[in-house]
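What follows is a short report on a single structure.
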Amino acid sequence: MARSVVLLSGGLDSTVTLAYALSLGDEVIPLTIDYGQRHQRELLAAKDIASHYDLDRHIIMELDLGCFGSSALTSMDLDIPERTVDTINDEIPVTYVPARNIVFLSIAAGLCECEDAHLLYIGANAVDYSGYPDCRPEFFRHFQRVLEVGTKTGVEGSPIEIVTPILKKTKREIVALGMDLNAPLHLTWSCYKGGERACGRCDSCLLRLKGFKEAGLEDPIPYEGRE
């Protein structure tokens with residue numbers, strides 16, 4: 001049985017990734033990072049998801065990136081943009097958190113070394129996404145090399161392996177995989193704005209709704225304006 005660390009945000013992609021790792025029989029340690037994001041809904045979702053799976057451990061780390069004021073996800077002074085799914089392109093949006101996946105993967109890799117875990121799962125996606133540079137295949141290829149030359153396990157010949165099971169899947173395929181794995185999609189939260197109901201207008205909501213629609217399913221979480 002492999003031991004692995006899974007970055008769990010509480011969103012759709014990370015939850016399907018967690019379900020995938022568990023389906024392989026891995027001994028999984030989910031890691032959730034409270035980085036000072038503008039709301040707590042995803043963090044609450046991550047706790048609910050870990051409880052759903054009755055996992056022995058769920059590590060929640062506080063890491064305040066509020067000083068990264070150029071991102072709408074860490075600064076309340078910036079508005080979350082609203083657009084249509086057809087206008088989402090490869091231009092890096094204001095919701096990009098500088099170097100977030102570099103920071104998160106570094107922390108998760110350190111945890112892997114401490115826990116003798118050889119697999120590091122992240123639910124990054126480079127197909128239906130908002131154009132973040134740290135979600136692209138080339139980023140993960142290069143970061144894998146960092147782990148090979150910059151960690152004890154790497155230089156000793158047994159580097160931590162970054163696993164990106166949904167990297168090249170569409171949102172429709174991610175939703176379908178989640179359903180096949182019986183992932184608790186009803187517990188997930190993706191909206192950038194938080195609130196009692198998802199807004200349905202931010203990039204994350206738009207891409208999520210697109211995936212459920214293309215999969216022929218209704219998204220089980222509540223949205224503004226929908227009963």
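The values are calculated or read from the model by the stated rules, or taken from the named source; none is laboratory data. What you are looking at is a predicted structure, and each value in this text was computed from that prediction instead of being measured. Quick reminder, even Gly has a Cβ in these numbers, built from the backbone with ideal geometry, and neighbours come from all protein chains shown.
Restricting the first residue to the stretch 32-51 and requiring it to be closer than 20 Å to P98 by Cα and modelled with pLDDT of 95 or more, which pairs with a second residue that is part of a helix (DSSP H, G or I) and of a type in the set (A, V, I, L, M, F, W, C) meet a Cβ separation below 7 Å and a spacing of at least six or different chains?
Sorted first by the residue in the stretch 32-51, then by its partner, the pairs are T32/L43; T32/A46; I33/F104; I33/I107; D34/L43.
Which condition does F104 not pass, out of (1) under 27 Å from L177 (Cα atoms); (2) surrounded by fewer than 18 Cβ atoms within 10 Å (Cβ to Cβ); (3) within 18 Å of the chain's Cα centre (by Cα), if it passes all the others?
(2)
So which pairs qualify, if the first residue must be in the stretch 189-210 and within 18 Å of D128 (Cβ to Cβ), the second must be part of a loop (DSSP other than H, G, I, E, B) and small (G, A, S), the Cβ gap must be under 6 Å, and the two must be at least 6 apart or on different chains?
W189/G10; S190/G11; D203/S130; S204/S190; R208/S190
When you look at T17, is it assigned to a helix (DSSP H, G or I), within 24 Å of H142 (Cα to Cα), in contact with a strand residue (DSSP E or B) (Cβ under 9 Å, 6 or more places away or on another chain) and not basic (K, R), yes or no?
yes
Condition first: among the β-branched types (V, I, T), surrounded by 18 or more Cβ atoms within 10 Å (Cβ to Cβ) and more than 30 Å from L119 (Cα to Cα). Can you find one or more residues in the stretch 185-201 that meet it?
no
Out of (1) closer than 24 Å to Y223 by Cα; (2) surrounded by 20 or more Cβ atoms within 10 Å (Cβ to Cβ), what's the single condition that is false for I88?
(2)
Considering each of S51, S75 in turn, give the residue that is in a loop (DSSP other than H, G, I, E, B) and hydroxyl-bearing (S, T, Y).
Going through S51, S75 in turn, just one is in a loop (DSSP other than H, G, I, E, B) and hydroxyl-bearing (S, T, Y): S75.
Suppose we keep only residues that are of a type in the set (G, A, S) and in a helix (DSSP H, G or I) within the stretch 107-125. Which one would you say is nearest to the chain's Cα centre (by Cα)?
The qualifying residue nearest to the chain's Cα centre (by Cα) is A108.
Mind telling me which of the residues L22, L65 ends up being in contact (Cβ under 8 Å) with a residue 12 or more places away in the chain and part of a loop (DSSP other than H, G, I, E, B)?
Selected residue: L65, the only one of L22, L65 that is in contact (Cβ under 8 Å) with a residue 12 or more places away in the chain and part of a loop (DSSP other than H, G, I, E, B).
Go through the stretch 78-107 and give me each residue that's more than 30 Å from L147 (Cβ to Cβ) and at pLDDT below 85.
R83, T84, V85, D86, T87, I88, N89
So, in the stretch 130-151, exactly how many residues are in contact (Cβ under 8 Å) with a residue 40 or more places away in the chain and among the β-branched types (V, I, T)?
1
Is one or more of the residues making up the stretch 161-169 crowded, with 19+ Cβ neighbours inside 10 Å and outside any loop (DSSP other than H, G, I, E, B)?
yes
When the residues of the stretch 196-217 are narrowed to those that are acidic (D, E) and under 24 Å from Q40 (Cα atoms), which ends up farthest from the chain's Cα centre (by Cα)?
Checking each candidate, the answer is E196.
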